[in-house]
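Peer 1: My questions will all concern the structure given below.
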Amino acid sequence: MANPLVQHFFDEPTNTFSYVVSDPDSNTCAIVDSVLDFDYAAGKTDVRSANEIIAYIQEKDLKVEWIIETHVHADHLSAAPYLHTELGGKTGIGAHIVEVQEIFGKAFNAGTEFARDGSQFDALFKDGDSFRIGNLEGRVLHTPGHTPACLTYVIGDAAFVGDTLFMPDFGTARCDFPGGDARTLYRSIQKVLALPPETRIFLCHDYQAPGRDEYQHMTTVAEQREANIHVHEGISEEEFVKMRTERDATLDMPRLILPSVQVNMRAGHMPPAEDNGQVYLKVPVNLF
């Protein structure tokens, strides 16, 4: 079976990588972790990043089968609704989205119009599920810890890990968001590192570790096993939990977490307009 062709797109303001994953034999594809540009100070959205993806798909004459998320992102807004309108395709995320919706539905005091059953998505993936991109099979690994709903999508020799892992010189995801857990993350990472050593790992973010001049979007299982500064071979679960817990206590909240979660828990849709026709995003004061 052929391995996927993977094209990355980088949004530097949020340090986010999005991907178009295509089957070379059928010209079908999936979009992973898209970005809706957002000027927080002005409260304005823009679709220029999504339009780069659209232009690539149209240039390559690809058919979109899936628009999928590795998790409910806390650092950027998803462009899934716009891409779905422009390109078609089914939307998907992890089935444990319902836990995230329950947690943040309460945090943002979302009304009864906000369904907490994942119904905003076309598919809710569970551990062990599979899906098709043309002739390619995608496999789903549930890899929680950063959030309860985090997934890794394994498509041929490629694994899309979301925020679970970063480049080896930067380490691993934080676990201090509501529903996160360092011990769970360690065990999830072991599932990823059990993949064949040549597996290509595609990251959702790169924060350019000190001493490195270029952003990087891909590593391998072998490189992670050997060199990840937080979780290379020989690091015990207890050592990891101690390190991750102490490190997380020093981190600020992501700049866009408040707007991002409100939108992304709704599959990229904005909250409903209020009685004056205007859409608003909330800022809970002294909650987080």
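Read the figures in this text as sums done on the coordinates, not as results from a lab. This is a predicted model, so every value here is computed, not measured. Ideal geometry is used to build each Cβ from the backbone, glycine not excepted, and the neighbour counts take in all protein chains shown.
Peer 1: Using 0.36 nm per residue, how much length does the chain from Glu52 to His8 gain when fully extended, once their Cα-Cα distance is taken away?
Peer 2: Residue separation times 0.36 nm, minus the Cα-Cα distance, leaves 14.8 nm.
Peer 1: Now a separate question. Rounding to the nearest 20 debye, state how big the charge dipole of the range 5-264 is about its Cα centre with +1 on each Lys and Arg Cβ and -1 on each Asp and Glu Cβ.
Peer 2: 460
Peer 1: Let me ask something else. Lysine pairs, Cα distance under 20 Å, 8 or more residues apart or cross-chain: how many in the chain?
Peer 2: Close lysine pairs found across the chain: 6.
Peer 1: Over all distinct alpha-carbon pairs, what is the Kirkwood Rh of the chain in angstrom?
Peer 2: In the chain this quantity evaluates to 19.2 Å.
Peer 1: Under a 5 Å amide H to amide H cut-off, with H placed in plane at 1.01 Å, what residues pair with Glu137 once short-range neighbours are removed?
Peer 2: Here Gly156 satisfy the definition.
Peer 1: Still on this structure, please answer the following. What list of ³J(HN,Hα) couplings, whole Hz, do you get for the range 254-262 from phi and the Karplus terms 6.51, -1.76, 1.60, once you set θ to phi - 60° and write x for glycine and proline?
Peer 2: Result, ordered by residue: x, 4, 9, 4, 5, x, 4, 5, 4 Hz.
Peer 1: Determine the gain in length on full extension of the stretch Ala227-Arg132; use 0.36 nm per residue of separation and subtract their C-alpha separation, reporting nm with one decimal.
Peer 2: 30.9 nm
Peer 1: Another question, if that's okay. Give me a comma-separated list of calculated 3J(HN,Hα) values for the range 169-186, in order, Karplus coefficients 6.51, -1.76, 1.60 applied at θ = phi - 60°, integers in Hz, x for any Gly or Pro.
Peer 2: Karplus-based 3J(HN,Hα) across the range 169-186 equals 7, 10, x, 9, 6, 6, 10, 9, 6, x, x, x, 6, 5, 5, 5, 4, 4 Hz.
Peer 1: For the chain, the longest stretch holding no GluC sites (Glu not before Pro) located in a DSSP loop with at most 14 other Cβ atoms within 10 Å is which?
Peer 2: Longest site-free region, per DSSP loop and neighbour criteria: 1-112.
Peer 1: As a test of the formula, what do you get for the chain when each DSSP H run with n ≥ 4 contributes -39,500 (n - 2.57) and the sum is divided by the residue count, at 222 nm and rounded to the nearest 500 deg cm²/dmol?
Peer 2: -7000 deg cm²/dmol
Peer 1: Taking Rh as the Kirkwood radius computed over C-alpha pairs, what is the Stokes-Einstein D of the range 14-103 at 10 °C in a medium of viscosity 1.306 mPa s, expressed in µm² per second?
Peer 2: The calculation lands on 115 µm²/s.
Peer 1: Compute the Kirkwood hydrodynamic radius of the range 191-288, taking the inverse of the mean of 1/r over all pairs of distinct Cα atoms, and give it in Å to one decimal.
Peer 2: 17.4
Peer 1: Out of the range 15-65, which chymotrypsin sites (Phe, Trp or Tyr not before Pro) are coil in DSSP terms and have no more than 16 other C-beta atoms within 10 Å?
Peer 2: Filter output for the range 15-65: Tyr40.
Peer 1: Taking amide hydrogens as modeled 1.01 Å from N in the peptide plane, which residues meet the under 5 Å criterion relative to Thr220, leaving out close sequence neighbours?
Peer 2: Here the answer is Ile201, since their amide H atoms fall under 5 Å of that of Thr220.
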